[in-house]
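Read through the structure below, which is laid out as structure tokens, and then see the notes.
Quick note: the coordinates plus some simple rules give every number you see, no bench work behind them. Just so it is clear, the structure is predicted and the values come from calculations on it, not from any experiment. As a convention, Cβ positions derive from the backbone with ideal geometry for all residues, glycine included, and neighbour counts pool all protein chains shown.
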Amino acid sequence: MFKGNKKYYFIFFGLFALILLAQYLLPKPVNWNRTYQNKDKAPFGCYAIYNLINGVYSQQTGFNNKTFYNLKDRVKDSCSIIVINNDLNLNKSDLSSLNQILKSGNTVLLAANQFNGLLADTFHLSTSSGFESYFSIIDSLINKPGESIHLVASNQSTNKFSFSRAANIATFRNFDTTRFKVLAFTETNKACLIKTRVGKGTLMLLSVPDIFTNYFVVKHKNRQLAYLIFSLLKNRELIWDEYYKSYNVSNYSFLKFIFESDTLYAAYLLLFFSIVFYMIFEGRRRQAPIPVIEPVTNSTLDFVNVISHVYFNSKNHQTIALERIKYFYESVRKKFNTSTTEINEHFINEISELSGVQYLTVKQLFTYCERLKHATDLTEYELIELNRQITNFNNYSQR
């Protein structure tokens, strides 16, 4: 591609090195994506809470990276399952398997800002949240006071857990009050944590998953709220789910992985514009000029043309007529396989029958040829008449 243009190698590698150096020297931007992943140390990851719950709220901690359908055969009674994500939309198989898990005596905590699909339709759920965080920079919301959360428990009724506007405080706008019990509500008196019994098990729904993230757990004054909610899940085994995450690595595409990294995205743009730049200015084909090759000329025709002009311009009509008659007789011998030594009545009859030309025309032609052969001087008209008669004979001849 760059054959003969090595300078572009140095230009591209130089630009790539400058971008890498700039990315290395610039301060790392804070990743404010709400991943809720157990290995993510970003503000809205769950690295801190995942490592704190091990051995504290249950005898052992498990990990799930499969669907509820695969999980239902693994869990037994007295297990707790925690699913944390920005939104939850379970399909029919997931919801059926979730019911089996609950009916066997397990506890499931689903924490999400939005509950959609069959899950919301089955339990008649709808959530609402402030959209300010979607249109504002998170950094500007950290120091702005937001809503507070209150627990219904009698021993926590006087406690208020306040969060900044950086937390997405969603609430349950609709739910079946005859089936669900409210465990926590916001200062606007809207439920944000509810629970219900499903068979032998307990289903808990939380509309504020941000309280489990690193930013609101590590050194935050209201991290006790996350601990209090987990205290409701004391069971034999606590299973942390990583499958139902929007940022699940198995759901990543190649381009999504590139676009979410500033460094890779910058390198991708550099590569793209470099290729476009090369295609515009250097992509045209380079080669030596193709020489124009003249077609092969017929030298025989040129030679005949030159000789004929020499004869014609010299007014030597006798010589031209003899050559013309000689060539004509030669063609007659080849076509009709006959001798032209003697031009008589038998010869003329034979040529007339073989050629299909009228007898008088054949006789006139050969008589005229014999007369010109013995003539001492010919005019231009006689030469033209000879050529006309020979041409007519050749045109009308059937051979």
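To the nearest 10 degrees, how steep is helix 92-103 against the longest Cα principal axis of the chain, on a 0 to 90 scale?
20 degrees
I'd like the Karplus ³J(HN,Hα) series for region 152-168: coefficients 6.51, -1.76, 1.60, θ = phi - 60°, whole numbers in Hz, and an x wherever there's a Gly or Pro.
In residue order, the calculated couplings are 7, 3, 4, 7, 10, 5, 8, 7, 10, 10, 9, 10, 6, 5, 5, 7, 8 Hz.
Would you grab the residues whose amide H sits under 5 Å from the one on Asn235? Only those 5+ places off in sequence or on another chain, please, with H modelled 1.01 Å from N.
Distant-sequence amide H within range of Asn235: Gln59.
Using a/c under 1.5 as the rounded threshold, could you call region 34-259 rounded, prolate or oblate? The axes a ≥ b ≥ c are square roots of the C-alpha gyration tensor eigenvalues, and prolate needs a/b larger than b/c, oblate otherwise.
Rounded shape, in that the Cα axes give a/c under 1.5.
Once you sort the root eigenvalues of the Cα gyration tensor of region 302-396 as a ≥ b ≥ c, which label holds: rounded (a/c under 1.5), prolate (a/b larger than b/c) or oblate (the other case)?
Working: a/c = 2.11, a/b = 1.76, b/c = 1.20.
Prolate, since a/c reaches 1.5 and a/b exceeds b/c.
With θ set to phi - 60° and the Karplus curve 6.51 cos²θ - 1.76 cosθ + 1.60, what are the ³J(HN,Hα) couplings of region 119-124 in order, to the nearest whole Hz, using x for Gly and Pro?
The phi angles translate into 4, 5, 5, 5, 9, 6 Hz.
In a shell of Cβ-Cβ distance under 13 Å around Asn214, excluding Asn214 itself, what net charge do Lys and Arg (+1) and Asp and Glu (-1) give?
Values: positive: Arg34, Lys39, Lys41, Lys219, Arg223; negative: Asp40, Asp210.
My count for the surroundings of Asn214 gives +3.
Under 5 Å between amide hydrogens, which residues at least 5 positions from Ala184 or on another chain qualify, with H placed 1.01 Å from N in the peptide plane?
Excluding prolines and chain starts, which carry no amide H, the hits are Val152, Cys192, Leu193.
Put one equal scatterer on each alpha carbon of the chain, apply the Debye formula with no solvent term, and list log10 I(q)/I(0) at q = 0.09, 0.12 1/Å to two decimals.
-0.74, -0.95
I need to check one value: relative contact order of the chain, counting alpha carbon pairs closer than 8 Å and at least 6 residues apart, in percent.
So the answer I get is 16 percent.
Treating the angle as unsigned and between 0 and 90°, give the value, to the nearest 10°, between the Cα long axis of helix 299-313 and the longest Cα principal axis of the chain.
40 degrees
Got a sec? Charge dipole of region 302-396, +1 on Cβ for Lys and Arg, -1 for Asp and Glu; which of Tyr359, Leu322, Leu378 is way out at the positive end?
Leu322
To test your reading of the geometry: what angle, between 0 and 90 degrees and rounded to tens, separates the Cα axis of helix 317-336 from the longest principal axis of the chain?
That helix lies at roughly 70 degrees to the long axis.
Efficiency by 1/(1 + (r/R0)^6): what FRET value for Arg371 and Val296, r their Cβ-Cβ distance, R0 = 51 Å, to the nearest 0.05?
Efficiency computed from Cβ-Cβ geometry: 0.75.
Could you check what % of the DSSP bridge pairs in region 34-259 are antiparallel, to the nearest 5?
Values: 20 of 44 bridges.
For region 34-259, the DSSP antiparallel bridge percentage is about 45.
Enumerate the calculated ³J(HN,Hα) couplings along region 58-67 in order (Karplus 6.51 cos²θ - 1.76 cosθ + 1.60, θ = phi - 60°), each rounded to whole Hz, writing x wherever the residue is Gly or Pro.
With coefficients 6.51, -1.76 and 1.60, one gets 6, 5, 8, 10, x, 9, 10, 10, 10, 6 Hz.
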